[in-house]
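Trainee: Here it is, the structure, as structure tokens.
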Amino acid sequence: MILPIGAKKFEESMQMGSETYHHLKVVITEKYGAHGCNVGEDGGFAPNISSFREGLDLVKEAISRTGYNERIKIAIDVSATDFCIGTKYDLDYRSPHKSGQNFKSGEDMIAMYKELCAEYPITSIEDPFDKEDWEHVKYFSGLGICQVVGDDLLMSNPKRIEKAIRESACNALLFKVNQIGTVTEAIEVVKMAKDAHWGVVIGQRSGETEDSFIADLSVGLAAGQIKAGAPCRGERLAKYNQLLRIEEEIGDQAVYAGEDWRQS
Ligand SMILES: C=C(OP(=O)(O)O)C(=O)O
């Protein structure tokens, strides 16, 4: 994912995001052919890469071709619960020819994230550890290297959010409104997160429809961040189009979080 934090308005951020997406398409086509540009459920390209660095290099190259450089940062969703086996993380879990040699401990993962944040403009990591690995997520978050977002860790569940705030286990909430159920509860948990000086990301779901409510919710709650997928596929664009309409309607009063994306 990318964060166009250097934009002054949402409209400009949309342009920056779309240009990056189209440069990425060219970068991927050059390296993997047109079939590398088949899109996944969230509208992102799905080339056959063999390491996460290979994927990050493609995004870095696309950003550099746009010329926006420091104005665009990278965010990653590791979803580490998906490849946690016991207390280890199997980085080869998707490889058909796995050697069994690529199992990492929580400490190894922390070292790896530190390296990645130094090598790439990564400013946000979602679910860097298994949803029950509170020890490592807490330690990593305490390092203050980047925003640490809890999605599977928190499940938009007030009890888990309370625990994470108490234990300083992460510093941002990925909020999925259909996990909690009502707007009243949404307001309550987002307030909890903001009172703890956390970042708030209003999140999409995999099986999205063209309903654009999360766009209104992210503005209404002044979340500062929305994760709505690539600028591709109608159900993703519906959210971005609604944000454009809201910005147009509010006019000069509209505030794009930009550099203040974590403190909105
Ligand atoms: C799409 C996402 O999650 P889910 O598959 O749980 O809907 C997400 O976290 O961006």
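The values are calculated or read from the model by the stated rules, or taken from the named source; none is laboratory data. The model shown is predicted, which means the values in this text are computed figures rather than measured ones. Counting neighbours? That spans all protein chains shown, and the Cβs are built from the backbone with ideal geometry, glycine included. Quick note on the areas: whole protein, heavy atoms, side chains included, nothing else; ligands and nucleic acids left out. Shrake-Rupley method; radii C 1.70, N 1.55, O 1.52, S 1.80 Å.
Trainee: Kirkwood Rh over alpha-carbon pairs of the stretch 198-264, then Stokes-Einstein at 10 °C and 1.306 mPa s: what D in µm² s⁻¹, rounded to an integer?
Mentor: The estimated diffusion coefficient comes to 130 µm²/s.
Trainee: As a test, work out the antiparallel percent of DSSP beta bridges whose residues both lie in the chain, rounded to the nearest 5.
Mentor: 30
Trainee: So how much slack lies between E162 and E107, counting 0.36 nm per residue of separation and subtracting their Cα-Cα distance, in nm?
Mentor: 17.3 nm
Trainee: Within 15 Å, Cβ to Cβ, of T29, how many net charges do the neighbouring residues add up to if Lys/Arg are +1 and Asp/Glu are -1?
Mentor: +1
Trainee: Net charge around G203, counting only other residues with Cβ within less than 13 Å of its Cβ (Lys, Arg = +1; Asp, Glu = -1)?
Mentor: With Lys, Arg at +1 and Asp, Glu at -1, the neighbours total -2.
Trainee: Same structure, new question: If I stretch the segment between E135 and E11 completely, what's the gain in nm (0.36 nm per residue apart, minus their alpha carbon distance), one decimal?
Mentor: Net length gain for the segment: 40.6 nm.
Trainee: Which residues in the stretch 1-19 have a backbone N closer than 19 Å to a point placed 7 Å from the Cα of N241 along the Cα-to-Cβ line?
Mentor: 10-19
Trainee: How big is the Rg/Rh ratio for the chain, C-alpha atoms only, Rh by Kirkwood, two decimals?
Mentor: We get a ratio of 0.95 for the chain.
Trainee: Can you tell me the mean projection area, over all orientations, of the convex hull of the stretch 155-249's alpha carbons? Units nm², please.
Mentor: So the mean shadow area of the Cα hull is 6.1 nm².
Trainee: Ok, one more. Take the residue pairs K131/K176; K31/K104; K114/K138; K25/K114; K25/K131 and return only those whose Cα atoms are more than 21 Å apart.
Mentor: In this structure, K31/K104; K25/K114; K25/K131 exceed 21 Å between Cα atoms.
Trainee: Taking N as the number of residues in the stretch 108-216, what is its alpha-carbon radius of gyration divided by 2.2 N^0.38 Å?
Mentor: Compared with the compact-globule rule of thumb, the stretch 108-216 sits at 1.09.
Trainee: Accessible area per residue for the chain in Å², computed with a 1.4 Å probe and the full protein assembly in place, what is it?
Mentor: On a per-residue basis, 50 Å².
Trainee: For the stretch 52-146, go through all pairs of different Cα atoms, get the mean of 1/r, take its inverse, and jot down that Kirkwood value in Å.
Mentor: By the Kirkwood definition, the hydrodynamic radius is 14.4 Å.
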